Amino acid sequence: MELRPALEGFAGIPQETRLIYSMLHGVEDVQVTGLINHYRRVLAPGLPKEDKWTTDAYRHKRIHKISRHIVSYKQRPFQSWWERLVYRLRQRMTRTELAARARLGLKEKIYHLDPNGFEDFIWSTLFSKTLPASEYKSITKGRFAVLQAPWVIMHLVGMGGGIYAKYPWIDTKGYHFFLSQTPYPGNMTAGTRLLVRYHDAIPIFLPHTIPDTSRHQATHYWALRHNVRTGAHFICTSEATRADLLRIFPQAERRAHVIHDVVSHNYYEERAERSRLVEIVRGHIEPDTEPKFLLSREKTAFYARHLKADNFRYIMMVSTIEPRKNHMKLLGAWDIIRHKLDDHDLKLIIVGRPGWACDRILEAMRPWQERGQVFNLSRVPAANLRVLYNGAEAVVCPSLAEGFDLSGIEAMLCGGAVVASDIPVHREVYGDAAEYFNPYSTMNLAEALLKVIHPHNRDRRQDLIEKGLLHAQQYRREAIAPKWAEVLKELSTQ
């Protein structure tokens, strides 16, 4: 199973990558190996599959080899003059070398990564952002492997579909399945079936909303086309995502399955005093968007003035700040309902770091942040996020497009009332446990919010909370894991 996205932050695909590995790790009759490669860097090799350094006399070499591999995620390991020369040549020739090997059908080695003694690296680098600490021992005793080739270079050597464009061959001998997290830029060894976890078709249908637009769109399309042509199966995150896949490649219909995202066990109903909620907000302000203060006492006075426990009410949104997430409509709707309710103390909390093409959104947020009305948070651990969900007047999921959208399900499990954009995936995933609105209408969003948070509509809010608590249980690990086991069993007999 590809773990590359787990090297990243708190976005949806990295979160689900960690959760799926953890879930499959516990499925009976399934032995899962987590495969790590870097987005851009050529990693130092791990141990060969046929590891001969098992005796006490060679233990130091084994440990040194893995330690050097870990160093290579951030820096080039210390090398002899010969190693430095080879490394420099390889860095310059990485794309050319990889392309030549692909055309010749030479396979890229998968190296073994023994976590024994390196548990902190495995946990803190790959899993700690999502999984509870109670899983530390079981996860760090798992199986891990390494691919040296950078993911982006693998894409580049196979793009374009010309006679010289060939995706690399990966030495997957001995594995029944290879589970990738996005369309995969590689070929599997005979006997290994590629399963693509297909999260969304946003790079195809909404390329104007993604970062590094040209490359992102191209890598997605060409790898997806290659996977379809070579017989991969697609495990889509929703029926809506499957429908988008089949709009592009209808010939993949019989190989397109649906298994919904799994939600973390960290999310459950927990109430907190308003004073604690205020402390959480104060402790997790995103530094890149925080108002500027000349003196520390000025900063302290600002938050003391605008974050008061006795009248702290808020609506919230959890998402990276980028165009597709529709922050602008939410800002406008929030301003409207403050005036309609004559409640100028109603805060807006946006949990998520600035992403791409977000300058206009940040400019719109800034005046409200300087007035102590909007608060942008980041790096909020699940233990704090769940009580923020629970304490919100409403949790808004206003995206223009999604593959699943975990934040609404997390909010439901925590006892939050969800207001969501009326897009197919939200209707499918949230069912009747959300209030819906037209994502292109600020006024319609304001009206939907009023249906939930207006004092006269408390029954509606409570109804959404009760429905959400029941509805979201279907995305727990206990419900999703058997579906993965069933698909793997079915495909293994074909």
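The values are calculated or read from the model by the stated rules, or taken from the named source; none is laboratory data. Predicted model, so just to flag it, every value in this text is computed and none were measured. Here Cβ is always computed from backbone atoms with ideal geometry, including for glycine, and neighbour counts include all displayed protein chains.
Cβ-Cβ distances below 6 Å connect the following pairs, each with a first residue in region 240-267 that is more than 14 Å from Glu16 (Cβ to Cβ), a second residue that is surrounded by fewer than 22 Cβ atoms within 10 Å (Cβ to Cβ) and charged (D, E, K, R), and a separation of six or more residues or different chains: Ala240/Glu428; Leu246/Glu253; Ala256/Arg242; Val258/Glu239; Val258/Arg242. Selection of region 359-379 for residues being within 22 Å of the chain's Cα centre (by Cα) and assigned to a strand (DSSP E or B) yields Asn376, Leu377. Taking the stated definitions as given, is Ala149 aliphatic (A, V, I, L, M), more than 25 Å from Met23 (Cα to Cα) and free of Cβ contacts under 8 Å to residues at least 40 places away in the same chain? Against the criterion (aliphatic (A, V, I, L, M), more than 25 Å from Met23 (Cα to Cα) and free of Cβ contacts under 8 Å to residues at least 40 places away in the same chain), Ala149 does not qualify. Filter region 168-185 for residues that are of a type outside the set (A, V, I, L, M, F, W, C) and in contact with an Asp or Glu (Cβ under 8 Å, 6 or more places away or on another chain); which is surrounded by the fewest Cβ atoms within 10 Å (Cβ to Cβ)? So the residue we want is Asp171.
Considered as a group, the residues in region 189-212 that are closer than 12 Å to Leu224 by Cα and β-branched (Val, Ile, Thr) include one that is surrounded by the fewest Cβ atoms within 10 Å (Cβ to Cβ), and that residue is Ile204. When residues in region 41-67 are screened for being modelled with pLDDT under 70 and either of a type in the set (Gly, Ala, Ser) or part of a helix (DSSP H, G or I) (or both), 3 of them pass. Restricting attention to region 105-126, which residues are within 30 Å of Gly158 (Cβ to Cβ), of a type outside the set (A, V, I, L, M), within 18 Å of the chain's Cα centre (by Cα) and buried (at least 17 other Cβ atoms within 10 Å of the Cβ)? Residues satisfying the conditions do not exist here. Any residue that is within 14 Å of Ile285 (Cα to Cα) and either at pLDDT below 95 or outside the structural domain of Met316 (by TED's automatic domain parsing) (or both) - is there at least one of those in region 356-366? Within region 356-366, none of the residues are within 14 Å of Ile285 (Cα to Cα) and either at pLDDT below 95 or outside the structural domain of Met316 (by TED's automatic domain parsing) (or both).
Residue by residue, here is whether (1) part of a helix (DSSP H, G or I); (2) modelled with pLDDT of 95 or more; (3) more than 19 Å from Val262 (Cβ to Cβ) holds:
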site: Arg427; (1), (2), (3): yes, yes, yes
site: Glu435; (1), (2), (3): no, yes, yes
site: Tyr440; (1), (2), (3): no, yes, yes
site: Ala485; (1), (2), (3): yes, no, no
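In this structure, Gly391 qualifies as buried (at least 19 other Cβ atoms within 10 Å of the Cβ) and over 21 Å from the mean Cα position of the chain (by Cα). A Cβ distance below 9 Å, combined with a sequence gap of six or more or placement on separate chains, defines the contacts here; from region 105-123, residues that are at positive phi reach residues that are of a type in the set (A, V, I, L, M) in the pairs Gly117/Ile63; Gly117/Ile66.
Is it the case, given these coordinates, that Trp356 is under 17 Å from His454 (Cβ atoms), among the hydrophobic types (A, V, I, L, M, F, W, C) and under 30 Å from the mean Cα position of the chain (by Cα)? For Trp356, the condition - under 17 Å from His454 (Cβ atoms), among the hydrophobic types (A, V, I, L, M, F, W, C) and under 30 Å from the mean Cα position of the chain (by Cα) - is not met. Can you find a residue that is under 22 Å from Arg282 (Cβ atoms), outside the structural domain of Pro203 (by TED's automatic domain parsing), in contact with a Cys (Cβ under 8 Å, 6 or more places away or on another chain) and not in a loop (DSSP other than H, G, I, E, B) anywhere in region 304-324? The answer is yes, given that some residue of region 304-324 is under 22 Å from Arg282 (Cβ atoms), outside the structural domain of Pro203 (by TED's automatic domain parsing), in contact with a Cys (Cβ under 8 Å, 6 or more places away or on another chain) and not in a loop (DSSP other than H, G, I, E, B).
All of (1) surrounded by 19 or more Cβ atoms within 10 Å (Cβ to Cβ); (2) more than 18 Å from the chain's Cα centre (by Cα) hold for Leu385 with one exception: (2).
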